[in-house]
Amino acid sequence: MTGFLRNMPPIVRNLIVINVAMLLITTFSGDFMYEHFALYYPGSPLFKPYQLLTHIFMHGGFGHLLFNMYALWLFGNALEYQWGGKKFLTFYLVTGIGAALFYALVLWIQVLHAEAQIDAATLAQMKELLQEGNIFVNRSPAMQQWYVTMNTPMVGASGAVYGVLLGFGMLYPNTVLHFIFPPVALKAKWVVIGYGAIELLLGLANSGGNIAHFAHVGGMLFGFILIKYWQRKGRLYY
């Protein structure tokens, strides 16, 4: 394992080490890490600005971590070798934080929709109870959606990882990627387009359960914007 890590470029290696360490700490700390370092909706009393950064290094379990770190290793190596560590880290953090901001925008629209269905007195009572850490009973669907949004944190590097995937597809669009399941080979540009379309459709259908599909879309969107900015400035490949 040490040799495997040593062969990685330094930023990818350190990101993987930090994410693994954070999961181990979270596993033994109970709810403390989620309460303080996961990302809550900005309207929640549990929200802290630093969570926009810290949530990127947290995960909901080993499977979640494994998928993200494998994708980071698979696509991030090429980008770091091309850009260098400083530029790759900038890209990674911009897409990760950008994904969170985009997802927060989607949640804000959902919150406005839910609040429009709740009378003012009830909404004021709900906000007061939320500040006190209590739960409002006899909730309507709109109230339930409101509470879920306020109390459900987001964790994971998925937004940044989808940004990395987007970056790989834009820099190496004709690289052929081979998949075991399904057993197909596709150029990177088609993989990126396919993943982006799937995440957008799943987000619009609201069928993803605990998966923040719009955060994935946001990571790709911010990655696209940043790459286009670098391209316009003539700084894409260095």
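The values are calculated or read from the model by the stated rules, or taken from the named source; none is laboratory data. All of these numbers come straight from a predicted model, not from anything done at the bench. Here Cβ is always computed from backbone atoms with ideal geometry, including for glycine, and neighbour counts include all displayed protein chains.
Checking each residue in the range 124-140 for being in a helix (DSSP H, G or I) and free of Cβ contacts under 8 Å to residues at least 12 places away in the same chain picks out ALA124, GLN125, LYS127, GLU128, LEU129, GLU132.
Can you tell me which residues in the range 200-226 are of a type in the set (Val, Ile, Thr) and either crowded, with 19+ Cβ neighbours inside 10 Å or at pLDDT below 90 (or both)? Talk me through it step by step, then tell me what you get.
Step one: filter the range 200-226 for residues of a type in the set (Val, Ile, Thr), giving 211, 217, 225.
Residues satisfying the conditions are ILE211, VAL217.
The criterion of at least 3 residues that are aliphatic (A, V, I, L, M) is met, among helices (runs of 4 or more DSSP H) falling completely within the range 1-69, by 10-29.
Report whether or not LEU130 is of a type in the set (A, V, I, L, M) and under 30 Å from TRP83 (Cβ atoms). For LEU130, the condition - of a type in the set (A, V, I, L, M) and under 30 Å from TRP83 (Cβ atoms) - is not met.
Scanning the range 25-59 for residues that are within 19 Å of the chain's Cα centre (by Cα) and aliphatic (A, V, I, L, M), which turns out nearest to VAL161 (Cα to Cα)? My answer is ILE56. Residues that are of a type in the set (A, V, I, L, M, F, W, C) and surrounded by fewer than 14 Cβ atoms within 10 Å (Cβ to Cβ) were ranked within the range 100-116; the one that is nearest to PRO153 (Cα to Cα) is LEU105.
Is the range 125-132 home to any residue that is under 18 Å from TRP108 (Cα atoms) and either in contact with a strand residue (DSSP E or B) (Cβ under 6 Å, 6 or more places away or on another chain) or among the charged types (D, E, K, R) (or both)? So that I can check it myself, show each step before the final result.
Kept after step one, since they are under 18 Å from TRP108 (Cα atoms), are these residues of the range 125-132: 126-127, 130.
The next check asks that each one be either in contact with a strand residue (DSSP E or B) (Cβ under 6 Å, 6 or more places away or on another chain) or among the charged types (D, E, K, R) (or both); those that pass are 127.
Scanning the range 125-132, I find at least one residue that is under 18 Å from TRP108 (Cα atoms) and either in contact with a strand residue (DSSP E or B) (Cβ under 6 Å, 6 or more places away or on another chain) or among the charged types (D, E, K, R) (or both), so the answer is yes.
Selection of the range 87-128 for residues being modelled with pLDDT of 95 or more and basic (Lys, Arg) yields only LYS87.
Which ones in the range 188-205 are of a type in the set (A, V, I, L, M, F, W, C) and farther than 15 Å from GLY219 by Cα? Break it down into steps so the answer makes sense when it comes.
To start, the set of residues in the range 188-205 that are of a type in the set (A, V, I, L, M, F, W, C) comprises 188, 190-193, 197-198, 200-202, 204-205.
Across the range 188-205, the qualifying residues are ALA188, TRP190, VAL191, LEU201, LEU202, LEU204, ALA205.
State whether one or more residues within the range 84-107 are assigned to a loop (DSSP other than H, G, I, E, B) and of a type outside the set (Lys, Arg). Yes: one or more hits. Inspect all residues belonging to the range 179-199 and state whether any of them is surrounded by fewer than 13 Cβ atoms within 10 Å (Cβ to Cβ), under 30 Å from THR26 (Cβ atoms), modelled with pLDDT under 90 and not β-branched (Val, Ile, Thr). Yes, the range 179-199 has at least one match.
Each row is one residue, and each column tells you yes or no for (1) aliphatic (A, V, I, L, M); (2) surrounded by 15 or more Cβ atoms within 10 Å (Cβ to Cβ).
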{"position": "PRO49", "(1), (2)": "no, no"}
{"position": "LEU52", "(1), (2)": "yes, yes"}
{"position": "PHE57", "(1), (2)": "no, yes"}
{"position": "PHE62", "(1), (2)": "no, no"}
{"position": "ALA78", "(1), (2)": "yes, yes"}
{"position": "PHE91", "(1), (2)": "no, yes"}
{"position": "GLY98", "(1), (2)": "no, yes"}
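Residue check: GLU132 meets all listed conditions (1) surrounded by fewer than 24 Cβ atoms within 10 Å (Cβ to Cβ); (2) touching a Leu at 6+ places or on another chain (Cβ under 9 Å); (3) of a type outside the set (Gly, Ala, Ser) but one, namely (2).
Name the helices (runs of 4 or more DSSP H) wholly inside the range 150-238 in which the number of residues that are without any contact (Cβ under 8 Å) to a residue 24 or more places away in the chain is 3 or more. Reasoning before the result, please.
Values: elements: 158-171, 188-205, 213-232.
Correct list: 188-205, 213-232.
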